Amino acid sequence: MSTLSFAGDMARLQRAIAESHDLVLRRGVVLETLNLRTGEQVLELGCGGGYYTHEAAQFVGPTGRVCAIDISPDQIAAAQAHCAEFAWVECRKADIAAAPYGNAEFDVVFAVQALEYLSDLDGALRHIHRMLRPGGRLIVIATDWSSAVWHSENAPRMQRVLTAWAPHSPCGICRASWRHGFAGRGSSLCGRRRSQS
């Protein structure tokens, strides 16, 4: 479970970042990739303050449903407030590896900057596979921070940051996704649930 608190100054900082130009553009790219349709059933994993959830709700409309989970009560409270206008959105505190949803319940499951922080990726992917309908779409956005090009004049600090991010490399997500029944499209981390043979 997370020990981070997303209240007070941390909440204000997160909102400012989420509303920044770069993240607004990224949301557009992610939503285009999701290709959501009216009436679809969607699950967002690690929803944070509900920015993607809010936009997904507009695509699926009232004949659809968007469920969003996060392990942080502060984040869920923010997401609920952000999505309050949509009766077809449900935001709840839950762990990705134990999301409280049924078999083949969703057309789309997506996670932005969430799966790379899980201690049991294989268990989570089994659970995600179970919740997706056959042919359903899984979209995962995960940044490989080791590929970021940046420089700091404080070399020891820069090395500490890189070292801190190293355990969260998303490199294994594609391989693990294939093992758990997702037919991917290269390194795009987009895939469909394969039918059971």
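Summarising the label geometry, the points placed 7 Å from Cα in the beta-carbon direction at Ala98 and Leu13 lie 3.0 nm from one another.
Given R₀ = 35 Å, FRET efficiency for Gln113-Glu153 by Cβ-Cβ distance, to 0.05?
0.80
For the stretch 8-193, the spread of Cα coordinates along the three principal axes comes to 53, 39, 27 Å, biggest extent given first. Compared with the direct C-alpha span, the chain from Ala87 to Asp144 gains 17.0 nm at full extension, assuming 0.36 nm per residue.
Rounded to the nearest 0.05, the FRET efficiency derived from the C-beta distance between Thr163 and Val29 at R0 = 22 Å is 0.15.
Give the order of Leu31, Leu121, Leu162, Leu43 when sorted by the count of other beta carbons within 10 angstrom, beginning with the fewest.
On the way: Leu31 17, Leu121 20, Leu162 13, Leu43 28.
Going from least to most buried by this count: Leu162, Leu31, Leu121, Leu43.
Computed from backbone phi with θ = phi - 60° and the Karplus coefficients 6.51, -1.76 and 1.60, the 3J(HN,Hα) list for the stretch 22-31 is 4, 6, 5, 5, 4, 4, x, 5, 4, 5 Hz; x is used for glycine and proline.
Bear in mind that the values in this text are calculations on the coordinates, not laboratory data. Because the structure is predicted, anything quoted here is derived from the model rather than measured. For neighbour counting, all protein chains shown are included, and Cβ atoms are generated from backbone atoms with ideal geometry for every residue, glycine included.
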